[in-house]
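The values are calculated or read from the model by the stated rules, or taken from the named source; none is laboratory data. Keep in mind that this is a model prediction, so the values were computed, not measured. Cβ atoms come from the backbone with ideal geometry, glycine included; neighbour counts cover every protein chain shown.
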Amino acid sequence: MNQHVKELWVNALRSGDYSQAKGALRNAQGYCCLGVLCDLYIQEDPHQRTHWINEYPEVLNQAKYFLQGEGDFLPSSVVKWAELDDCDPNVEFGEEYVSLAELNDERKTFVEIAQLIENQL
């Protein structure tokens, strides 16, 4: 993983600036840990055309945001920028490898996830 991007990501997860949500990169409640990385990608180059799109604007509590039609995992542009090997990276957790999205949705905190990213990616 790109070390500069990793530092940005870990710091953002620890900052308290993002509310944690599950089931989507971003929704009305906040961000998945992968969504935080996507948001950092958008902030890194404000002149690019990538932006959040609200899939359900008429119902705020069901709002689900995507990056230009991408799904619930990292878009290829973010994977390439971060120099990751996968759109949903795995880390060792206990005695198995688990995806970051799964850890996020099982309600591991951003701080716990940041530690795993810092040590393993």
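A few comments on the model shown:
- Residue among GLN29, GLN48, GLN20, GLN62 that alone is in contact with a strand residue (DSSP E or B) (Cβ under 9 Å, 6 or more places away or on another chain) and modelled with pLDDT under 80: GLN62
- For segment 72-97, filtering for residues that are farther than 19 Å from GLN20 by Cβ, surrounded by 16 or more Cβ atoms within 10 Å (Cβ to Cβ) and free of Cβ contacts under 8 Å to residues at least 24 places away in the same chain leaves 3.
- Subset of segment 98-118 that is within 12 Å of the chain's Cα centre (by Cα) and more than 12 Å from ARG14 (Cα to Cα) - its residue that is surrounded by the fewest Cβ atoms within 10 Å (Cβ to Cβ): GLU102
- Any hit, segment 102-116, residues being touching a Phe, Trp or Tyr at 6+ places or on another chain (Cβ under 6 Å) and at pLDDT 85 or above: no
- Residues (crowded, with 23+ Cβ neighbours inside 10 Å and over 9 Å from ALA12 (Cβ atoms)) located in segment 29-40: TYR31, CYS32, CYS33, LEU34, GLY35, CYS38
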